[in-house]
Amino acid sequence: MFTKKTYTVDEALKRMESYCSYQERCHKEVIQKLRDMYMIPEAIDHIVVKLMQDNFLNEERYAKAFVSGKFRIKKWGKQRLTRELKQKDIGKTLITMALQTISDQEYMETFHALAEKKAESIKETNVLKKKKKLADYLFYRGWESHLVYDKVNEVF
């Protein structure tokens, strides 16, 4: 019969230190990982506090890293970034602070480049369908509606 592996608090703490060292993590991810390791709530609280004290776990640093990575690599807009961070239980002030790390100029340049690249790749003859495909793509990526509609009308 299969028996689940159990961990002492010290073993779990060591595993979580290496888990957090590998890449930035939010509290929710760490707590879920500890639950998956069958740790009791008191142990989870103790480990999370210890990770925060030793600076392995820092929500502000996580939010900034998340925003910068997803914006630069996946080209997500502020709406999508905000939504994803809220799902990870990151506070409003931290989300706002993280979004401010993106310069307005860089944000607009990325948006225009992404929209134009996608517009060129749409193989559709009907202009309305082209507009809808481009708009849907940009909305899915989390760009603001006023930007999307202006760009769609400008491109087609």
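Rule-based calculations on the coordinates, nothing more; no lab input. Quick caveat: nothing in here was measured; it's all calculated off a predicted structure.
Among the lysines, which fall within straight-line cross-link reach of LYS129, defined as a Cα-Cα distance under 27 Å, with same-chain neighbours fewer than 8 residues apart omitted?
In chain and number order, the partners are LYS74, LYS75, LYS78, LYS117, LYS118, LYS151.
What ratio of Cα Rg to 2.2 N^0.38 Å holds for the chain?
Working: Rg = 20.8 Å, N = 156, 2.2 N^0.38 = 15.0 Å.
Dividing the Cα radius of gyration by 2.2 N^0.38 Å gives 1.39.
Between the range 83-156 and the range 11-39, what's the alpha-carbon centroid distance in Å?
For the range 83-156 versus the range 11-39, the Cα centre distance is 33 Å.
Suppose we look only past 13 Å in the calculated P(r) of the range 59-99. What percent of the Cα-Cα pairs does that tail hold? Write down the numbers at each step before the final one.
Values: 320 of 820 pairs.
Of the Cα pairs, 39 percent sit more than 13 Å apart.
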